[in-house]
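K.L.:
Before I ask anything, here is the structure I am working with.
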Amino acid sequence: MNETYLDMLEDSLRRKVEVLKKLQEESLKQRDILKNTESLDEQGFDDAVARKGDLIRQLETLNDGFADVYDHVKIELEQRKDQYRDRIGRMQTLIREVTDLSNAVEVQERRNKRLAENYFGAQRQSINQNRRTNQAALDYYLNMNNSRVTPPQFYDRKN
């Protein structure tokens, strides 16, 4: 087997670790933005989402490339485990690191989702409250405007 394939697999795993660490940093930045409910930095939030989207696309590309290369060398790796024991061990360590980082990012994303739902729910309630207040003020204004002219309540039917 060509050592280049193994180098490619290892390199792909290292790059995944780097991308996952960056993704974790972006998730933490997003968390900090969402925690500041007083004045949400909408531009910062949008930028974090965009950067995370780019990082996720990079991860998908790395995953696809890794899978393609691994499919190409899988049989030989399985047949010659003893020969590639050190390389396999290093890759297993990297895979564990990728898995741990993926799990940490997933947990942080769930927390961020909850924070976002809470923030947007509070904003929705605030908007609804403002609508009700505006409607009540309009109703009061219209009611007061029409109160000068009181229509007759009783009709005298004496002829």
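The values are calculated or read from the model by the stated rules, or taken from the named source; none is laboratory data. Please read these numbers as outputs of a predicted model, since none were measured by experiment. Cβ: placed from backbone, ideal geometry, glycine included. Neighbour counts: every protein chain shown.
K.L.:
Within segment 77-95, how many residues turn out to be surrounded by 14 or more Cβ atoms within 10 Å (Cβ to Cβ) and assigned to a helix (DSSP H, G or I)?
P.N.:
Of the residues in that region, 7 qualify.
Matching residues to (1) polar (S, T, N, Q); (2) loosely packed, with under 14 Cβ neighbours inside 10 Å; (3) modelled with pLDDT under 90:
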position	(1), (2), (3)
GLU97	no, no, no
GLU106	no, yes, no
ALA116	no, no, yes
GLN125	yes, yes, yes
LEU142	no, yes, yes
PHE154	no, yes, yes
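K.L.:
Here is a further query. Which residue is farthest from ASP54 (Cα to Cα), if the candidates are limited to segment 22-43 and must be touching a residue at least 12 places away in the same chain (Cβ under 8 Å) and outside any helix (DSSP H, G or I)?
P.N.:
THR37
K.L.:
Same structure again: Does segment 44-66 include one or more residues that are buried (at least 16 other Cβ atoms within 10 Å of the Cβ) and either without any contact (Cβ under 8 Å) to a residue 24 or more places away in the chain or not in a helix (DSSP H, G or I) (or both)?
P.N.:
yes
K.L.:
A follow-up question, please. Quick one: would you say LEU77 is touching a Phe, Trp or Tyr at 6+ places or on another chain (Cβ under 8 Å), modelled with pLDDT under 95 and more than 24 Å from LEU13 (Cα to Cα)?
P.N.:
Criteria not met by LEU77.
K.L.:
Continuing with the same structure: THR93 fails exactly one of the following numbered conditions: (1) within 30 Å of GLN125 (Cβ to Cβ); (2) free of Cβ contacts under 8 Å to residues at least 60 places away in the same chain; (3) of a type in the set (S, T, N, Q). What is the number of that condition?
P.N.:
It is condition (1) that THR93 fails.
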